[in-house]
Amino acid sequence: MQNKYSDTELIKKVLGGEKAAYADLMKRHQRFVFTLALRFTKNREDAEEIAQDCFIKAYRSLNTFRSTSKFSTWLYSIVYTTAMTFLRKKRLDIQSIDTEAGLLNIQNHVSDLNADDVEHKSKMVFVNRAIDQLSPDDAAVITLFYQGEQSLEEIGQALGMEANTVKVKLHRARHRLKEKIENILHHEVKELL
Amino acid sequence: MNLIEQRIWDYLDGTGTLQERELTEGLIKSDPVYQQVYDECKSFNKMVSALGQDEPSMGFTRNVMEKINLEPVPATLKSLIDKRIIFGIAAFFLFTITALLGVLFYQIDWSQTTGFKTPEFTMPAIDTAKYLNSTYINIFIFVDIIIALYLFDGFLRNRLRSK
C-alpha cells in the first residue's frame, strides 16, 4: 500500500520522535537501495548488510538532510559511499565474478509462467547478467538512471560527480553493456548449437 | 562510441540544445543509418528500463527497525544550536567593541581645533605576568586535557557503535 505522506513529511515525523515513520520511509526505498547494493556486491548477503548499514547511517544523519535535493538522491549517495568502502575492505576482484552464481542470486523466482513471461524473464536474466559483468561504477550509473529514475544531475549528486561526467560515463556504460549483452547472447546461441 | 550513437543518446536523454535535438530528429527521419541506430538505442532503453528491482529478505525492515529503536532520535539542527549560545557570543563581541570605542573616545583631546589630528591612543597596560602565572596555566592545561579526554571518549563510542 502506498503511504500517503511524502518523504519530507515522513522525515519530519521521524525527527519529531515518531520512529515508526522511518519504517514507512524505508519500505518505500528499500528495494532500490538493495538493488543498487547488489550491483556492487553481486551477492545478496553482502547487499543486505550494506542496505541495512545505509538505512541506519541515514537515520543517524537524518537531521543533516536538506530538502533542497530528493531524499532518494541523498540516500543513494550513502549507498554509493558505503558500497565503495565495503568493496575496498573486502578487496573484491570485480573483474572475475562467477556469473553463474550471480545469475542464481539475481533471478526472480519463476513459476507458472506463460511463454511470453518466460521469454521476458530470460531476457531480463541476460541483461542482469550483463550488468553484473560491468564495473561497479558503470553498473551503478546504469541502475540509477534506468531503475532509480534519477536525472544526470541527481546521479552526479549521488556519486559526487559533475553532470557532464555522468553523461559521458552513462554513454560508455551503455556501450559496454550492449557489448556484454551481445557477448552473452552470442555465447548462449553457440551453446545451443 | 561513434558520433551518430552519441547524438541519438543525447536526443533520447533530452540533453543538448534544442537546435541539436531538432537536427538529430531531422536526421532520424531522413537518414536510414540514423534511423537504425535510433531503433537500436530505443529497444536498448526499453529492455534495460524493464528490469525489475530486487527484494531484500522478509525480515529486512524488522531487522533495521530493531537497530533503529536502540538509537536516539536524531536531533534537528535547530534544537542542537542553543539560542542562548548565539546571544552570548553576540553580547561578548558587542561588549568588547563598545569598551574599545569607549576607551578610544575617552582619550581623544576634543579641545584641539587646528586641523585634523589623529587621536593618540594608548592601550592600558595589562600586567600579563599577574594572570599568566604557573597556577593559571596548570588549570588551563588541566581543563584542556579533561575536554580532550571527553571528546576522545565520544569518538571511540561512536566508532564502536558504527561497527
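The values are calculated or read from the model by the stated rules, or taken from the named source; none is laboratory data. Quantities reported herein were computed from a predicted structural model and do not represent experimental measurements. Methodologically, a virtual Cβ is constructed for each residue, glycine included, from the backbone with ideal geometry; neighbour enumeration extends over all protein chains shown. All accessible areas refer to the heavy atoms of the entire protein, side chains included, with ligands and DNA or RNA removed. Shrake-Rupley method; radii C 1.70, N 1.55, O 1.52, S 1.80 Å.
A:ARG28 contributes about 70 Å² of solvent-accessible surface, heavy atoms of the protein only, 1.4 Å probe. Can you tell me the orientation of helix B:32-49 relative to chain B, as the angle in degrees between its alpha-carbon axis and the longest Cα principal axis, to the nearest 10? Approximately 60 degrees, to the nearest 10. Helix B:83-107 axis versus longest C-alpha principal axis of chain B: approximately 40°, rounded to the nearest ten. Computed from the C-alpha gyration tensor, the three semi-axes of the ellipsoid equivalent to region A:10-56 are 25, 9, 7 Å, from longest to shortest. Ellipsoid fit via the Cα gyration tensor, chain B: semi-axes of 69, 38, 15 Å, each the root of five times an eigenvalue, largest first. Of the residues B:GLN36, B:TYR11, B:VAL73, the one whose Cα sits farthest toward the positive end of the charge dipole of chain B, with +1 on the Cβ of Lys and Arg and -1 on the Cβ of Asp and Glu, is B:VAL73.
Value of Rg to Rh for region A:1-80, rounded to two decimals, is 0.97; Kirkwood radius and Rg both from alpha-carbon coordinates. Given an 8 Å cut-off on Cα distances and at least 6 residues of separation, report the relative contact order of chain B as a percent. About 11 percent, as a whole number. The fraction of Cα-Cα pairs per 10 angstrom bin, counted from 0 for region B:18-87, comes to 14, 17, 14, 13, 16, 20, 6, 0 percent, rounded to whole percents.
Per residue of B:2-10, other chain Cβ atoms within 10 Å of the residue Cβ number 2 on average. Seen against the Cα atoms of chain B and their longest principal axis, helix B:3-13 is set at about 70 degrees. Look at where the Cα atoms of region A:161-186 and of region B:1-75 average out, and the two centres are 11 Å apart. Taking B:ILE137, B:ILE68, B:ILE89 in turn, the Gaussian network model of chain B (Cα-Cα springs below 10 Å) assigns the largest fluctuation to B:ILE137.
A full extension of the chain between B:LEU70 and B:GLN19 corresponds to an added length of 12.7 nm, given 0.36 nm per residue minus the alpha carbon distance. Taking all protein chains together and a 1.4 Å probe, the residues A:HIS187, A:HIS29, A:HIS175 rank A:HIS187, A:HIS175, A:HIS29 from largest to smallest accessible area. Summing +1 for each Lys or Arg and -1 for each Asp or Glu among the other residues whose beta-carbon sits under 14 angstrom from that of B:LEU3 gives -3.
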